[in-house]
Amino acid sequence: MKSYQGYFIDLDGTTYKGTKRIPAAARFIKRLQRAGKTVLFVTNNSTRTPEFVADNLRHNHSINVTAKNVYTTALATADYLATIAGNHRRVYIVGESGLRLALKARQFVETKQAPDYVVVGLDSHVTYAKLETAVLLIRAGATFIGTNADSNLPNERGMVPGAGSIVKLVEYATQQKPIMIGKPEALIMRMALKREQMTSSQVIMVGDNYNTDIRAAINTGMDSLLVYTGLSTPAQVAKMAIQPTYTVNSLDEWQVK
């Protein structure tokens with residue numbers, strides 16, 4: 001088993017299940033912290049700020065981290081656009097406060113008037129008017145950015161529409177493929193590596209979902225650890241052409257080196 005300096009870790013299904021604790025995850029994080037490892041929670045959720053996520057981990061899941069330990073698709077989107085935008089920093093946003101604040105912090109200006117980019121993420125208050133504006137602006141020449149392709153996300157009511165459902169609607173109406181940021185794309189992983197000043201060989205991606213977490217690692221040339229506490233099952237994973245580097249039933253099984 002290889003020694004890793006950095007651990008990129010998924011949230012829902014890996015660190016917790018909605019509001020339900022996964023005690024092994026809290027113990028796992030404490031072992032990593034004691035060993036001096038870099039811990040970064042990498043999440044496709046663009047609606048929450050890193051401060052909100054860290055506060056939830058501390059108060060509800062006994063995981064003592066700060067906002068610096070959280071990397072969202074909102075941050076990754078803002079970081080990526082900052083590398084290509086130059087002075088072209090006008091954006092139209094379909095999304096929530098986490099996305100808006102991340103883009104504003106990188107000096108992007110929200111506007112409906114000839115934006116350079118249309119960024120589409122999860123928006124629980126989305127309206128036809130917002131989608132209509134996004135479609136028309138993209139068809140007029142704005143670059144189409146999607147935060148992530150998740151078709152669904154779990155909440156107390158079940159598997160509700162995720163950001164990918166909204167992105168797909170806009171894609172269908174514009175007949176344009178977006179630049180996608182979140183897992184399983186390599187973009188969010190490359191942005192996270194750049195932020196932590198680490199290489200892919202130094203980091204392992206830990207998650208419960210083969211199709212997002214593990215594929216993101218594969219697409220980035222990173223090792224991966226799949227834990228069977230969430231979405232993917234051993235039977236499903238066994239059918240995959242490329243296997244995770246490691247699998248465990250519980251994070252208690254993982255030895256930190």
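The values are calculated or read from the model by the stated rules, or taken from the named source; none is laboratory data. The shown structure was predicted, so the numbers you read here are calculated from the model rather than taken from an experiment. We place every Cβ from the backbone using ideal geometry, glycine too, and count neighbours over all the protein chains shown.
How many residues, within the range 126-144, are outside any loop (DSSP other than H, G, I, E, B) and either hydroxyl-bearing (Ser, Thr, Tyr) or within 22 Å of residue 89 (Cβ to Cβ) (or both)?
Going through the range 126-144 one residue at a time, the tally reaches 11.
Within the range 1-26, how many residues are loosely packed, with under 15 Cβ neighbours inside 10 Å, closer than 21 Å to residue 247 by Cβ and not hydroxyl-bearing (Ser, Thr, Tyr)?
Qualifying residue count for the region: 3.
Can you find, within the range 186-202, the residue that is farthest from residue 6 (Cα to Cα) among those that are in contact with a Leu (Cβ under 8 Å, 6 or more places away or on another chain) and surrounded by 20 or more Cβ atoms within 10 Å (Cβ to Cβ)?
Ranking the qualifying residues of the range 186-202, first place goes to 191.
Kindly indicate the residue of the range 27-53 that is surrounded by fewer than 18 Cβ atoms within 10 Å (Cβ to Cβ) and among the hydrophobic types (A, V, I, L, M, F, W, C) and also nearest to residue 74 (Cα to Cα) among those meeting that condition. Steps first, answer last, please.
The initial filter retains those residues of the range 27-53 that are surrounded by fewer than 18 Cβ atoms within 10 Å (Cβ to Cβ), namely 27, 30-31, 33-36, 38, 51-52.
From what's left, among the hydrophobic types (A, V, I, L, M, F, W, C): 35, 52.
Details: 35: 29, 52: 13 Å.
Residue satisfying both the conditions and the ranking: 52.
Is it the case, given these coordinates, that residue 127 is within 26 Å of residue 83 (Cβ to Cβ) and among the β-branched types (Val, Ile, Thr)?
no
List the number of the failed condition for residue 32; all other conditions in (1) in the same structural domain as residue 152 (by TED's automatic domain parsing); (2) within 21 Å of residue 227 (Cα to Cα); (3) of a type in the set (A, V, I, L, M, F, W, C) hold.
Looking at each condition in turn, residue 32 falls short on (1).
Exactly one condition in (1) closer than 16 Å to residue 9 by Cα; (2) of a type outside the set (Ser, Thr, Tyr); (3) touching a Ser or Thr at 6+ places or on another chain (Cβ under 7 Å) is false for residue 101; which is it?
Here residue 101 meets the rest and fails (1).
Of all residues in the range 66-79, count the ones that are farther than 16 Å from residue 12 by Cα and either surrounded by fewer than 20 Cβ atoms within 10 Å (Cβ to Cβ) or among the hydrophobic types (A, V, I, L, M, F, W, C) (or both).
The total comes to 7.
Go through the range 203-257 and report how many residues are more than 26 Å from residue 20 (Cα to Cα) and loosely packed, with under 14 Cβ neighbours inside 10 Å.
The number of residues fulfilling the criteria is 6.
Kindly indicate which of 225, 193 is touching a helix residue (DSSP H, G or I) at 6+ places or on another chain (Cβ under 8 Å) and either at pLDDT 95 or above or among the hydroxyl-bearing types (Ser, Thr, Tyr) (or both).
Being touching a helix residue (DSSP H, G or I) at 6+ places or on another chain (Cβ under 8 Å) and either at pLDDT 95 or above or among the hydroxyl-bearing types (Ser, Thr, Tyr) (or both) holds for just one of 225, 193, which is 193.
Among the residues in the range 100-120, are any in a helix (DSSP H, G or I) and over 28 Å from residue 69 (Cα atoms)?
So far as the range 100-120 goes, no, none of its residues is in a helix (DSSP H, G or I) and over 28 Å from residue 69 (Cα atoms).
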